[in-house]
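Here is the structure we will look at.
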Amino acid sequence: MISASALGVAGWGGWLDWRIRKIPNWLTVPALLGGLFLSAALGRWPWTKSSLEGVGVGLGVLLPFVLMRGLGAGDWKLMGALGAFLGPRWTIVVLMGTVLIAGAMSIVEVIRQGKVRETLSNLLVIFVAYSTFHVNNARAITLENPGLLKIPFGVAAAFSTGLFFVMLCALRFFYKLG
(Lines give C-alpha, C1' and ligand atoms only; values in the text may rest on other atoms or scores of the structure.)
Protein backbone atom coordinates (compact mmCIF):
# COMPACT_ATOMS: atom_id res chain seq x y z
CA MET A 1 0.00 0.00 0.00
CA ILE A 2 2.81 2.40 0.87
CA SER A 3 4.71 1.43 -2.29
CA ALA A 4 1.68 2.05 -4.49
CA SER A 5 1.10 5.41 -2.80
CA ALA A 6 4.72 6.47 -3.34
CA LEU A 7 4.56 5.43 -6.99
CA GLY A 8 1.26 7.27 -7.44
CA VAL A 9 2.55 10.49 -5.90
CA ALA A 10 5.81 10.35 -7.85
CA GLY A 11 4.04 9.57 -11.12
CA TRP A 12 1.45 12.30 -10.66
CA GLY A 13 4.12 14.83 -9.65
CA GLY A 14 6.26 13.88 -12.65
CA TRP A 15 3.33 14.14 -15.04
CA LEU A 16 2.35 17.58 -13.69
CA ASP A 17 5.94 18.79 -13.86
CA TRP A 18 6.17 17.62 -17.46
CA ARG A 19 2.85 19.17 -18.50
CA ILE A 20 2.69 22.45 -16.57
CA ARG A 21 6.24 22.73 -15.17
CA LYS A 22 4.92 22.97 -11.62
CA ILE A 23 4.28 20.54 -8.81
CA PRO A 24 1.44 22.12 -6.84
CA ASN A 25 0.95 22.21 -3.09
CA TRP A 26 -2.41 20.43 -3.43
CA LEU A 27 -0.41 17.33 -4.37
CA THR A 28 2.70 17.57 -2.20
CA VAL A 29 1.29 18.69 1.15
CA PRO A 30 -1.51 16.07 1.39
CA ALA A 31 0.92 13.42 0.10
CA LEU A 32 3.42 14.24 2.83
CA LEU A 33 0.72 14.17 5.50
CA GLY A 34 -0.76 11.00 3.98
CA GLY A 35 2.62 9.27 4.08
CA LEU A 36 3.02 10.18 7.74
CA PHE A 37 -0.53 9.04 8.54
CA LEU A 38 -0.14 5.76 6.65
CA SER A 39 3.11 5.02 8.44
CA ALA A 40 1.53 5.79 11.80
CA ALA A 41 -1.52 3.65 11.05
CA LEU A 42 0.40 0.64 9.71
CA GLY A 43 3.57 0.60 11.74
CA ARG A 44 2.97 2.77 14.79
CA TRP A 45 5.96 4.63 16.21
CA PRO A 46 8.87 2.87 14.41
CA TRP A 47 7.35 3.50 10.99
CA THR A 48 6.26 7.01 11.94
CA LYS A 49 9.80 7.81 13.08
CA SER A 50 11.21 6.41 9.83
CA SER A 51 8.66 8.42 7.86
CA LEU A 52 9.63 11.64 9.65
CA GLU A 53 13.31 10.89 9.04
CA GLY A 54 12.56 10.33 5.34
CA VAL A 55 10.84 13.72 5.17
CA GLY A 56 13.87 15.27 6.87
CA VAL A 57 16.28 13.67 4.40
CA GLY A 58 14.20 14.61 1.35
CA LEU A 59 13.79 18.22 2.45
CA GLY A 60 17.14 18.68 4.18
CA VAL A 61 19.42 17.49 1.38
CA LEU A 62 17.71 19.65 -1.24
CA LEU A 63 17.15 22.78 0.89
CA PRO A 64 20.43 24.49 -0.12
CA PHE A 65 19.50 24.13 -3.80
CA VAL A 66 16.07 25.65 -3.18
CA LEU A 67 17.60 28.54 -1.23
CA MET A 68 20.09 29.18 -4.08
CA ARG A 69 17.12 29.18 -6.51
CA GLY A 70 18.51 26.25 -8.45
CA LEU A 71 15.58 23.95 -7.64
CA GLY A 72 11.89 24.72 -7.46
CA ALA A 73 9.96 24.48 -4.21
CA GLY A 74 7.50 22.00 -5.74
CA ASP A 75 10.33 19.61 -6.59
CA TRP A 76 11.65 20.03 -3.06
CA LYS A 77 8.27 19.30 -1.47
CA LEU A 78 7.76 16.29 -3.75
CA MET A 79 10.98 14.74 -2.43
CA GLY A 80 9.80 15.46 1.13
CA ALA A 81 6.50 13.74 0.40
CA LEU A 82 8.26 10.75 -1.11
CA GLY A 83 10.44 10.63 2.00
CA ALA A 84 7.29 10.24 4.10
CA PHE A 85 6.52 7.04 2.21
CA LEU A 86 10.05 5.70 1.76
CA GLY A 87 11.88 6.42 5.00
CA PRO A 88 15.43 7.81 5.16
CA ARG A 89 17.41 4.96 3.59
CA TRP A 90 15.23 4.54 0.52
CA THR A 91 14.75 8.30 0.16
CA ILE A 92 18.51 8.65 -0.26
CA VAL A 93 18.51 5.90 -2.90
CA VAL A 94 15.62 7.50 -4.83
CA LEU A 95 17.17 10.96 -4.47
CA MET A 96 20.52 9.79 -5.84
CA GLY A 97 18.74 8.12 -8.75
CA THR A 98 16.77 11.31 -9.33
CA VAL A 99 19.94 13.40 -9.43
CA LEU A 100 21.56 10.97 -11.90
CA ILE A 101 18.49 10.92 -14.15
CA ALA A 102 18.12 14.72 -14.00
CA GLY A 103 21.81 15.03 -14.86
CA ALA A 104 21.41 12.75 -17.87
CA MET A 105 18.32 14.72 -18.95
CA SER A 106 20.33 17.93 -18.62
CA ILE A 107 23.22 16.65 -20.72
CA VAL A 108 20.86 15.50 -23.47
CA GLU A 109 19.02 18.84 -23.45
CA VAL A 110 22.23 20.90 -23.45
CA ILE A 111 23.53 18.97 -26.47
CA ARG A 112 20.14 19.01 -28.21
CA GLN A 113 19.83 22.79 -27.90
CA GLY A 114 23.50 23.44 -28.75
CA LYS A 115 24.27 25.19 -25.46
CA VAL A 116 27.40 23.27 -24.46
CA ARG A 117 29.73 26.32 -24.35
CA GLU A 118 27.19 28.46 -22.48
CA THR A 119 26.60 25.69 -19.95
CA LEU A 120 30.31 25.10 -19.36
CA SER A 121 30.78 28.85 -18.89
CA ASN A 122 27.90 28.96 -16.38
CA LEU A 123 29.36 25.99 -14.49
CA LEU A 124 32.70 27.80 -14.25
CA VAL A 125 30.96 30.93 -12.91
CA ILE A 126 29.12 28.86 -10.29
CA PHE A 127 32.27 26.99 -9.28
CA VAL A 128 34.31 30.18 -8.88
CA ALA A 129 31.49 32.02 -7.11
CA TYR A 130 30.94 29.33 -4.50
CA SER A 131 34.60 28.41 -4.02
CA THR A 132 35.50 32.07 -3.37
CA PHE A 133 32.30 32.85 -1.42
CA HIS A 134 31.32 35.57 -3.93
CA VAL A 135 27.87 34.15 -4.53
CA ASN A 136 26.53 37.40 -6.00
CA ASN A 137 28.45 36.63 -9.20
CA ALA A 138 26.24 33.57 -9.76
CA ARG A 139 22.87 35.25 -9.11
CA ALA A 140 21.98 35.32 -12.83
CA ILE A 141 22.21 31.53 -12.96
CA THR A 142 18.94 30.75 -11.15
CA LEU A 143 15.43 29.63 -11.98
CA GLU A 144 14.37 33.27 -12.46
CA ASN A 145 16.56 33.60 -15.58
CA PRO A 146 14.24 32.74 -18.50
CA GLY A 147 17.18 32.11 -20.86
CA LEU A 148 18.54 29.16 -18.93
CA LEU A 149 17.55 25.54 -19.50
CA LYS A 150 15.16 24.13 -16.96
CA ILE A 151 14.85 20.39 -16.42
CA PRO A 152 11.64 18.94 -14.89
CA PHE A 153 13.13 17.43 -11.72
CA GLY A 154 9.74 15.87 -10.90
CA VAL A 155 9.96 13.74 -14.04
CA ALA A 156 13.38 12.48 -12.92
CA ALA A 157 11.94 11.76 -9.45
CA ALA A 158 9.08 9.78 -10.99
CA PHE A 159 11.44 7.68 -13.12
CA SER A 160 13.79 7.13 -10.19
CA THR A 161 10.94 6.03 -7.91
CA GLY A 162 9.62 3.67 -10.58
CA LEU A 163 13.06 2.18 -11.20
CA PHE A 164 13.61 1.81 -7.46
CA PHE A 165 10.46 -0.27 -7.03
CA VAL A 166 11.18 -2.37 -10.13
CA MET A 167 14.66 -3.13 -8.78
CA LEU A 168 13.27 -3.82 -5.30
CA CYS A 169 10.73 -6.29 -6.71
CA ALA A 170 13.44 -7.95 -8.82
CA LEU A 171 15.71 -8.32 -5.80
CA ARG A 172 12.89 -9.84 -3.76
CA PHE A 173 12.09 -12.23 -6.59
CA PHE A 174 15.69 -13.40 -6.99
CA TYR A 175 16.17 -13.62 -3.24
CA LYS A 176 13.22 -16.02 -3.02
CA LEU A 177 14.68 -18.15 -5.82
CA GLY A 178 18.05 -18.51 -4.06
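The values are calculated or read from the model by the stated rules, or taken from the named source; none is laboratory data. Quick caveat: nothing in here was measured; it's all calculated off a predicted structure. Counting neighbours? That spans all protein chains shown, and the Cβs are built from the backbone with ideal geometry, glycine included.
Numerical summary
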| read-out | value |
| --- | --- |
| Long-range neighbours under 7 Å by Cβ, at least six apart or interchain, first residue closer than 12 Å to Gly11 by Cα within the range 157-178, second among the basic types (Lys, Arg) and surrounded by 15 or more Cβ atoms within 10 Å (Cβ to Cβ) | none |
| Unique residue being assigned to a helix (DSSP H, G or I), at pLDDT below 95 and either in contact with a Lys or Arg (Cβ under 7 Å, 6 or more places away or on another chain) or more than 25 Å from Leu149 (Cα to Cα) (or both) when the list is Leu42, Leu52, Leu63 | Leu42 |
| Top-ranked residue in the range 150-167 [being of a type in the set (A, V, I, L, M), assigned to a helix (DSSP H, G or I) and touching a helix residue (DSSP H, G or I) at 6+ places or on another chain (Cβ under 8 Å); ranked as nearest to Thr91 (Cα to Cα)] | Ala157 |
| Residues that are assigned to a helix (DSSP H, G or I), exposed (fewer than 12 other Cβ atoms within 10 Å of the Cβ) and modelled with pLDDT of 75 or more, drawn from the range 122-149 | Leu123, Leu124, Phe127, Ser131 |
| Enumeration of residues in the range 1-55 that are of a type in the set (S, T, N, Q), surrounded by fewer than 21 Cβ atoms within 10 Å (Cβ to Cβ) and farther than 18 Å from Ile92 by Cβ | Ser5, Asn25, Thr48 |
